[in-house]
Amino acid sequence: MSKSTLTNGSGEAFFDVTGGAKGRDSYVACMNLDSGIPQCSEIATATYMEITELTMVPTKDKRNIGTALELAATLAFGGSGNLGGKRIDFDVLTGPHAGQNGDEWTSK
């Protein structure tokens, strides 16, 4: 499945995927530079398991250049499992900040 989207003012774009089966998917984001040369991100992976929902806010935002954007991801577990100590990976998929990433851990 492929989808194109425009970046927001912070250079971020989002692609939503719903996994219907257990397993691991690999993802890549690509764009064509003004020179026509394709630029692709590192490959990202997602493992689908008993997590029922991972949400992030804000999903859309406009920012002045040089101002920070804080994204908050919330994990909801599909069973009685512990939500603490889970790593959440953040990636800028396309735009002038493509390739920037980071990770945070949920509190134990």
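From the list A76, A68, A72, the one residue that fits, being surrounded by fewer than 13 Cβ atoms within 10 Å (Cβ to Cβ), within 18 Å of the chain's Cα centre (by Cα) and at pLDDT below 80, is A76. Across region 1-34, the number of residues qualifying as more than 17 Å from T59 (Cα to Cα), among the hydroxyl-bearing types (S, T, Y) and at pLDDT below 85 comes to 1.
Based on this model, can you work out whether A98 counts as at pLDDT 85 or above, in contact with a Phe, Trp or Tyr (Cβ under 9 Å, 6 or more places away or on another chain) and among the hydrophobic types (A, V, I, L, M, F, W, C)? Taking the combined requirement at face value, the residue does not satisfy it.
Working only within region 1-35, note down all residues that are farther than 26 Å from E70 by Cβ, in a loop (DSSP other than H, G, I, E, B) and either touching a His at 6+ places or on another chain (Cβ under 6 Å) or charged (D, E, K, R) (or both). Hits for region 1-35 are K22, D34. Restricting attention to region 36-61, the residues that are exposed (fewer than 10 other Cβ atoms within 10 Å of the Cβ), outside any strand (DSSP E or B) and modelled with pLDDT of 85 or more add up to 2.
The values are calculated or read from the model by the stated rules, or taken from the named source; none is laboratory data. Because the structure is predicted, anything quoted here is derived from the model rather than measured. Reconstructed Cβ throughout: ideal geometry from the backbone, glycine too, with neighbour counts over all protein chains shown.
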